[in-house]
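Heads up: the structure comes next, in C-alpha cells.
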Amino acid sequence: MIKRENYLSQLRPFINQTELVKVIVGIRRSGKSVMLELIKQKLTEMGISKDNMISINFEDMTYSNLVTAKALNDYKYKSSCKRNY
C-alpha cells in the first residue's frame, strides 16, 4: 500500500471531528479505499478500537442487499451487537 502522505496530511485535521461526515470522492481506482485504510490505521494508532469501525465494499455482492438506509442501519446494528456493545 502506498502511503499518500500529501493527501493524508490534508485529511488529518478532520479525523477527530466527529460532528462532520467525511466524503472521499474520485474516479475509479484513484486510491479512495487506500486512503480509508490509511485513516483506519491512524485511528487505530490513536487508540480507537477496530470494533468501532465498519468497512463495506459495495462491489462485493455480499452487500448487495444494502440498498436502503434501513438495510444499512440494520447491518450496522447487527454488526455492533456481534461486538457486544
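No value in this document is a laboratory result; all are computed from the given coordinates. Computed from a predicted model, the values in this text were never measured in an experiment. For neighbour counting, all protein chains shown are included, and Cβ atoms are generated from backbone atoms with ideal geometry for every residue, glycine included.
Okay, here's what the table says:
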| quantity | calculated |
| --- | --- |
| Overall form of region 1-53 per C-alpha gyration tensor (a/c, 1.5; a/b vs b/c) | prolate |
| Estimated [θ] at 222 nm from DSSP helical runs (n ≥ 4, -39500 (n - 2.57)) normalised by residues in the chain, nearest 500 | -12500 deg cm²/dmol |
| Pairwise label distance in nanometres, TYR77 with ASN52, each label 7 Å out on the Cα-Cβ vector | 2.3 nm |
| 20 Å Cα-Cα reach of LYS78 towards aspartates and glutamates, excluding residues that sit fewer than 8 places from it in its own chain | ASP51, ASP60 |
| Cα-based helix-to-principal-axis angle, 32-45 vs the chain, degrees rounded to 10 | 90 degrees |
| Stretchable slack from GLU59 to LEU43, in nm (0.36 nm times residue separation minus alpha-carbon distance) | 3.3 nm |
| About the Cα centre, charge dipole magnitude for the chain (Lys/Arg +1, Asp/Glu -1 at Cβ), debye | 60 debye |
